[in-house]
Every structure is written in C-alpha cells, then in structure tokens.
Amino acid sequence: MHNATPEAQPLPSDHNTLSPVSPHEKTWGWFAIFNVWANDVQSLFGYSLVASLFISYGVSGWTAFAALIAAGLLVMFLVNLSGAAGEKYGIPYPVFARASMGIKGARLPALLRAIVAVFWYGVQVYFASTALALLIKSLTGVTDGAPIMGLSSIDWISFLLVWIFHILIFWRGMGWVETFLNIAGPFVYLVMIGLVIVLWNRSDGQLLAQTQTIFSNPEGTWGTEIAGFIAIVGTMVAYFAAVMINFSDFARFARNKRAMTLGNLTGLPLNMILFSALALLTTAGAAVVYGEALINPTEIVERTDSVVLAIVAAITFFAATVGINLVANFIPAVNGIANLAPTRIGFRTAGMITSVFALVIGGFWTSFISQVGIDGFVNTLGATLAPLYGILIVDYYLVRKQQLNLGDLYRTDGGLYHYGNGWNDNALVAFGVAAIFSVAAVWMPFLSQLSGYAWLIGAILGGVIYLARTRTPQ
C-alpha cells in the first residue's frame with residue numbers, strides 16, 4: 001500500500017544504525033535542534049566567514065545583517081523540507097534516499113555524502129587538535145620540538161588525544177552526541193560574550209562608535225547593496241548546503257514536528273542574528289583596540305596577551321570544532337558507510353571506519369593532503385549532492401505526497417522502491433544531467449559569478465528534470 005503510515009509497517013531487518021527511531025528514542029526538543037545549528041556555525045571558519053561579511057562585501061552593516069537573516073530563513077525553509085520525512089518516519093538520510101533513488105541506487109548519494117564527510121571529519125579532527133596544542137603550550141610553556149610530517153610532538157599528542165575523544169563520544173551513542181552539542185553550543189556563546197566584554201573595557205567606550213562605522217556605507221548605492229545582499233545570501237546557503245541534504249539524520253530524533261520547526265527557527269535566523277551580532281562586536285572591538293580589522297578570533301586572543309584568556313579560548317575553539325565535526329561530518333559519514341552493508345555494519349563499526357580514515361587524513365593534512373589540492377576533488381563530490389537534494393524533495397512532496405511505505409524502504413528483494421533492478425532510472429538520469437552543471441560550477445571560472453547560488457540552481461535542475469521524467473510515459 002503506497003500511503004501506509006509508519007505505525008502500520010513491519011520492523012525492518014537493518015541494524016539499528018539505519019532502523020527507524022522508536023518513539024522512546026525521539027527525545028530531541030527544540031533546544032537540541034537549536035544546538036545542531038549553533039555548533040554548525042560556531043567554528044573558526046564560521047566566525048571568520050560571518051565577520052568578513054561586514055567588511056569584504058562592500059555593503060552597509062544593515063544590508064549584511066538583513067542578508068544573514070534572509071539566508072537563515074531560506075535555509076530554515078529548505079531543511080524543514082528535507083527533515084520532514086526523517087521526523088515523520090524516524091528514518092535517516094540514506095533510507096530517505098531509497099524512495100527516490102531506489103534501494104540500491106540510494107547507495108550513490110549516501111556514499112557521496114559519506115566521502116565528503118569523512119574527508120572533512122579528518123581535517124576537523126586536526127584543526128580541533130590545534131586548539132588542544134595551544135592549551136597544552138599555554139599551561140606548560142613547553143616549546144615545539146623538531147616536526148615529524150609537519151607536526152611537532154605536542155601536535156601529534158594533541159591530535160591523537162582529540163581523535164580518541166571523538167571515539168569516546170560516539171562509542172556511547174547518539175545520547176552522548178546530543179549532550180555534547182547541548183553543552184558546547186551555549187558554552188561557546190558565553191565565551192564570545194566574555195570576549196566582547198573584555199574588548200569593550202579595553203576600547204574605552206569606543207566599541208559602539210566603531211560598530212556604527214561598519215553599519216554605514218557612504219559609497220554604497222542601491223545597486224551595490226542589492227548585489228552584496230544577493231552574494232551574502234548565496235554564500236551562507238552554500239555554507240549550510242551539506243547539512244541541508246542529510247538533515248533527516250537529525251530530524252529523526254526530534255520529539256515531534258513542532259520541536260523540529262521551532263528548533264530550526266531558533267537555530268537558523270535567530271541563531272544567525274545572535275552569532276553575527278557577537279562576531280560584529282568582536283570585530284569592531286578588535287579594530288578599536290588593535291587598530292586593524294581582525295576576522296580570525298585566534299589573532300584577537302593572541303593580541304590580548306592573556307594566559308587565562310588563551311586557555312579559555314583554546315577550550316572554546318576545541319568545543320566549537322568538535323561540535324561542527326559531529327554535526328556536519330561524523331553523523332552523515334557513519335550513516336552513509338552503514339548503508340553500504342546495513343546488516344553487517346552497525347553504528348560503532350561505521351564510526352570506527354570513519355575514525356581510521358580520519359586518522360590518516362588528519363595525520364597527513366599538514367605534510368601532504370593540504371599541499372596537493374585534494375579539497376578540489378572533495379568539493380566536486382560535494383557539488384554533485386545539489387541535484388540529489390532537488391530529486392529527494394520533488395519525489396517526497398510532489399510525487400509521493402509525503403507518504404512512504406516504511407516496510408518497503410527496508411526490503412532488498414522487491415517492493416515499491418526496487419524499480420526492477422534496485423535503481424530508479426528517472427532519478428539517475430536527472431542526477432547525471434544536473435550534476436554536469438554542478439561540477440562545472442566548481443571548475444569553470446565564468447560560472448563563479450553565481451557564487452553560492454550554483455548549489456540552489458543544481459538542486460532546482462535535478463528536481464525539475466526528475467519531475468519531468470516521472471510524469472512523462474517512458
């Protein structure tokens with residue numbers, strides 16, 4: 001029956017990694033969803049990105065703020081779409097993808113997302129270890145020795161400790177992941193507020209005046225403001241693109257639809273306002289105190305010349321980096337790997353596979369990987385995810401009218417989503433054609449003018465082509 005409800009379905013045969021979340025496991029309220037987004041933006045890169053928007057795009061502060069809010073609302077709308085099936089049926093992204101791509105075909109989007117996630121997971125483990133190395137050096141005063149593969153002994157010790165820390169969190173299950181996110185999100189905000197207070201005191205009351213200069217743009221015109229607004233929205237949509245496609249991995253744990261939508265509301269537009277305001281005030285304070293616009297918080301902390309602040313900052317950077325790593329990289333990597341062999345690969349096994357790759361990628365990041373430009377290859381794979389988002393959304397809302405057969409999603413021997421050979425040819429063709437544009441947007445200079453909108457265009461192309469083929473007799 002095509003429109004069977006979740007409660008009426010037989011239990012799947014997959015391991016519990018991909019099985020539907022049971023009612024007693026749906027424990028995430030709006031605050032947990034809020035912290036998914038808080039941790040996603042609270043990285044060093046996220047801070048630098050937001051701070052740069054007020055300086056580098058040639059727009060007034062009010063335009064930048066409006067663009068950030070608009071981007072938050074747009075991303076909120078898109079993740080409410082992609083997370084609905086996860087919340088309703090308790091299924092993760094790889095299982096959701098089976099409805100449109102086919103039981104076997106879903107391995108393609110799940111694997112692509114997993115490869116991208118595994119790579120950046122390893123990189124973020126390394127970056128989190130730099131915060132721990134900073135903490136160790138601040139506490140002990142130990143200097144670096146001769147580097148091995150680009151890392152000193154302290155760097156290697158820090159890297160291995162951070163790598164083990166990630167394993168300890170996921171080994172205890174999603175409950176511990178949720179707990180860490182709920183602690184890290186508010187903690188980072190408290191430290192950011194503390195840094196603003198320190199800069200406020202050192203600026204002799206000039207912080208707000210400097211902030212007002214950022215909000216004014218006497219050379220701006222309607223044309224430049226609108227162009228800057230569009231560019232900033234596109235940039236922020238591209239920043240959240242990876243999590244948008246697999247948001248059902250988190251929405252499946254939401255208590256109900258209200259918890260998911262309220263969490264996305266507070267976690268995206270409202271969270272963007274709070275984070276952006278703190279980043280703006282910090283940047284303005286640094287401009288007053290140190291005489292230049294610093295958009296990297298590590299540089300601001302170094303200028304304060306305070307051991308205590310350096311220690312607190314190191315802990316904060318560590319928490320922020322581990323938080324975004326769990327949200328944007330670890331969960332999609334684990335679910336994607338488990339989907340390759342659901343009956344044999346469980347949560348912990350998939351987590352260890354992810355960790356082994358992270359050990360190699362993070363360990364070789366400084367000496368080799370960052371030097372050969374492999375990130376271009378990974379970005380290319382990430383771009384191919386855009387058409388898949390469009391296909392998933394069009395299939396769920398326009399083709400299936402938000403009704404899935406939960407039992408058939410877990411059948412390997414036939415059913416609604418087997419499509420004869422396990423692959424949905426309509427989705428495969430739509431993906432292939434639209435992916436050509438998505439990949440071209442990464443490599444073709446003349447398409448760079450599209451900025452972050454290449455992802456949205458790729459998603460629309462994938463959805464439109466899929467819908468056209470689905471409604472056209474084959």
| said: For a quick check of your reading of the model, give me the residue pairs whose first member lies in the stretch 238-253 and is within 15 Å of LYS26 (Cβ to Cβ), whose second is buried (at least 24 other Cβ atoms within 10 Å of the Cβ) and polar (S, T, N, Q), with beta-carbon atoms closer than 7 Å and at least 6 apart or on different chains. | reply: ASP249/ASN335
| said: I need every pair where a residue in the stretch 397-423 that is over 12 Å from ALA106 (Cα atoms) has its Cβ under 7 Å from the Cβ of a residue that is among the acidic types (Asp, Glu) and buried (at least 17 other Cβ atoms within 10 Å of the Cβ), sequence separation at least 6 or different chains. | reply: GLY415/ASP408; LEU416/ASP408
| request: Would you check if SER100 is of a type in the set (Ser, Thr, Tyr), modelled with pLDDT of 85 or more and farther than 23 Å from ALA319 by Cβ? | output: yes
| remark: Residues of the stretch 398-450 being closer than 29 Å to THR17 by Cα and among the aromatic types (Phe, Trp, Tyr), in sequence order, are TYR410, TYR417, TYR419, TRP423, PHE431
| task | Could you list, in sequence order, all residues of the stretch 330-354 that are of a type outside the set (A, V, I, L, M, F, W, C), under 22 Å from the mean Cα position of the chain (by Cα) and surrounded by fewer than 21 Cβ atoms within 10 Å (Cβ to Cβ)? | result | ARG348
| Of these, GLY86, GLY29, GLY102, which one is touching a residue at least 12 places away in the same chain (Cβ under 8 Å), over 30 Å from ALA231 (Cβ atoms), of a type in the set (Gly, Ala, Ser) and touching a His at 6+ places or on another chain (Cβ under 8 Å)? | GLY102
| message | With modelled with pLDDT of 75 or more, more than 17 Å from the chain's Cα centre (by Cα) and among the acidic types (Asp, Glu) as the only criterion, which of GLU225, GLU292 stands out? | response | GLU225
| query | Applying the selection to the stretch 67-94, what residues are closer than 22 Å to PRO387 by Cβ, out of contact with any Lys or Arg (no Cβ under 6 Å at 6 or more places or on another chain) and of a type in the set (Gly, Ala, Ser)? | reply | ALA71, SER82, GLY83, ALA84, ALA85
| note | Out of (1) acidic (Asp, Glu); (2) in a helix (DSSP H, G or I); (3) more than 26 Å from the chain's Cα centre (by Cα), the one ASP413 does not meet is (2)
| request: Give the stretch 128-137 a look and list any residue that's surrounded by fewer than 24 Cβ atoms within 10 Å (Cβ to Cβ) and under 22 Å from the mean Cα position of the chain (by Cα), or say none. | output: THR130, ALA131
| Applying the selection to the stretch 313-372, what residues are of a type in the set (D, E, K, R) and at pLDDT below 85? | ARG344
| request: Taking the residues in the stretch 132-155 that are free of Cβ contacts under 8 Å to residues at least 12 places away in the same chain and not in a loop (DSSP other than H, G, I, E, B) as candidates, determine which candidate is farthest from ALA358 (Cα to Cα). | output: THR140
| said: Every residue in the stretch 220-229 that is in contact (Cβ under 8 Å) with a residue 24 or more places away in the chain and either touching an Asp or Glu at 6+ places or on another chain (Cβ under 8 Å) or not polar (S, T, N, Q) (or both), please. | reply: GLY220, GLU225, GLY228, PHE229
| What is the number of the single condition among (1) within 30 Å of VAL116 (Cβ to Cβ); (2) modelled with pLDDT under 85; (3) hydrophobic (A, V, I, L, M, F, W, C) that ILE164 does not meet? | (2)
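Yes or no, residue by residue, for (1) in contact with a Gly (Cβ under 6 Å, 6 or more places away or on another chain); (2) surrounded by fewer than 16 Cβ atoms within 10 Å (Cβ to Cβ); (3) in a helix (DSSP H, G or I); (4) modelled with pLDDT under 75:
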site: LEU11; (1), (2), (3), (4): no, yes, no, yes
site: ASP14; (1), (2), (3), (4): no, no, no, yes
site: VAL21; (1), (2), (3), (4): yes, no, no, no
site: PHE31; (1), (2), (3), (4): no, no, yes, no
site: VAL50; (1), (2), (3), (4): no, no, yes, no
site: VAL59; (1), (2), (3), (4): yes, no, no, no
site: VAL75; (1), (2), (3), (4): no, no, yes, no
site: SER82; (1), (2), (3), (4): no, no, yes, no
site: ALA85; (1), (2), (3), (4): no, no, yes, no
| note | If you go through LEU108, LEU112, the only one that is over 13 Å from ALA242 (Cα atoms), in a helix (DSSP H, G or I) and at pLDDT 85 or above is LEU108
| query | Restricting to the stretch 57-115, what's the tally of residues that are aliphatic (A, V, I, L, M), touching a Pro at 6+ places or on another chain (Cβ under 7 Å) and within 21 Å of TYR453 (Cβ to Cβ)? | reply | 3
| query | What pairs come up if the first residue lies in the stretch 259-279 and is among the aliphatic types (A, V, I, L, M), the second is part of a helix (DSSP H, G or I) and at pLDDT below 85, and their beta carbons are under 7 Å apart, counting only those six or more places apart or on different chains? | reply | LEU278/MET192; LEU278/VAL196; ALA279/TYR47; ALA279/VAL50; ALA279/ALA51
| message | Test of understanding: among MET352, MET260, which residue is under 18 Å from GLY175 (Cα atoms), in a helix (DSSP H, G or I) and in contact with a strand residue (DSSP E or B) (Cβ under 7 Å, 6 or more places away or on another chain)? | response | MET260
| task | State the number of residues belonging to the stretch 192-213 that are more than 22 Å from the chain's Cα centre (by Cα) and crowded, with 17+ Cβ neighbours inside 10 Å. | result | 9
| field | Yes/no for ILE436 being assigned to a helix (DSSP H, G or I), surrounded by fewer than 15 Cβ atoms within 10 Å (Cβ to Cβ) and out of contact with any Leu (no Cβ under 7 Å at 6 or more places or on another chain) | value | yes
| said: On the basis of being over 17 Å from TYR121 (Cβ atoms), aliphatic (A, V, I, L, M) and either in contact (Cβ under 8 Å) with a residue 12 or more places away in the chain or assigned to a helix (DSSP H, G or I) (or both), does ALA310 make the cut? | reply: yes
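The values are calculated or read from the model by the stated rules, or taken from the named source; none is laboratory data. Here the structure is a predicted model, which is why all the values come from computation and not from measurement. Quick reminder, even Gly has a Cβ in these numbers, built from the backbone with ideal geometry, and neighbours come from all protein chains shown.
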